[in-house]
1. For n ≥ 4 DSSP H runs only, could you compute -39500 (n - 2.57) per run for chain B, divide by its residues and tell me the 222 nm figure to the nearest 500?
2. Roughly how crowded by other chains is peptide B:151-158, in terms of the mean Cβ count from those chains within 10 Å of each of its Cβ atoms?
3. How many angstrom lie between the C-alpha centres of the stretch A:24-46 and the stretch B:70-98?
4. How far apart, in nm, are two points set 7 Å out from the Cα along the Cα-to-Cβ line at residue B:55 and at residue A:35?
5. Once both axes come from the Cα atoms, what is the angle between helix A:131-141 and the longest principal axis of chain A, in degrees from 0 to 90, rounded to 10?
6. Nm distances between the label at residue A:97 and the same-position labels in the remaining copies, 7 Å along Cα→Cβ, shortest first?
7. Mind checking the full-extension length gain between residue A:85 and residue A:42? Use 0.36 nm per residue of separation minus the Cα-Cα distance, one decimal, nm.
8. Angle check, please: helix B:176-189 long axis (alpha carbons) against the longest principal axis of chain B (alpha carbons), in degrees 0 to 90, nearest 10.
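Read-outs throughout are calculated quantities, based only on the coordinates presented, and are distinct from any laboratory measurement. Everything numeric here is computed off the predicted structure, so don't read it as measured data. When we count neighbours, we look across all protein chains shown, and the Cβ atoms used for this are built from the backbone with ideal geometry, even at glycine.
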């Protein structure tokens, strides 16, 4: 048997990455708020929220490998969330313009009594953006569902990202190379056959 | 006026990146062989081939900004070309497995008497791949049009790329951030208006 997978995320980027990596899965969006304790160190937040989402999908872990994730953009030890409106998106992108920030994705993979919690960080350097480039992007792409107000695969990613250090897919929302390795381990452990890969 | 652009490449990845970056363009595939002098240092080859492609599109540069590019994969100072068949693809991917290589894309942007020639290099680290993963990838994705026998956006990119240093889009075939900056400069120089961006 091969353990069926649930992806606990409504992000189309995460769904795309899981598909590209060859996984079949169903989607269940965890019903959680994305709050975290005020005094939590910023580098723990992504993992904390990934685990919170996993906990909300607890009933499924008997029969499914459950994958949840959360991505945060960190600049000056502050977390940039999803922008509420045009002005907030504009301020975020102006803050990222011409400098380096961190993208951290926490992942929680759960099956029965096994819980694997890890994260991955990518260092992203933006070139300087003009006011018009930022305005054009927000109007055209409406990045209100994206932490830090940008998608690496969008117009702004094309023109702004000078370089990254780490995984590009982690910036998109999932460190798929690590997810793949962990699911492979977990699947082998339970003697299932993912014969096409192993 | 805004100068019309010709992309001198049949690569769907390059077309996608140019589109995402907001450019409108037409496509003319340059009719050139991809040979280069035996004694050429490997780090010059991508630029050399990009310029060779530009020369083949010489008649267009009076009225168009012409963009050409060439991407090479370099490992141990050897260039990996497009694989001829399954066995060559297999050997290339086994060579890349579990180690670091360089992807270098040369770009030539030409308009009238201006020629801008540059390149960009990305350092890519692969995790160890199993024989079955490599075989599965080649059978499913047939990477015979890809230097080094892989596409970063394919299955193999998802599972193999542990980290990169540099531009991800450069690995896909075009350092789009640099192309964008150069076309913007060139377009401004000729007093055209790309008003949505500037």
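1. Working: 7 runs with 68 residues, N = 198.
Using -39500 (n - 2.57) per qualifying helix, the result is -10000 deg cm²/dmol.
2. On the way: counts 0, 2, 5, 2, 6, 2, 6, 15.
Rounded to a whole number, the mean comes out at 5.
3. 40
4. 6.8
5. Its long axis makes an angle of about 40 degrees.
6. 4.8
7. 13.2 nm
8. The angle comes out near 10 degrees.
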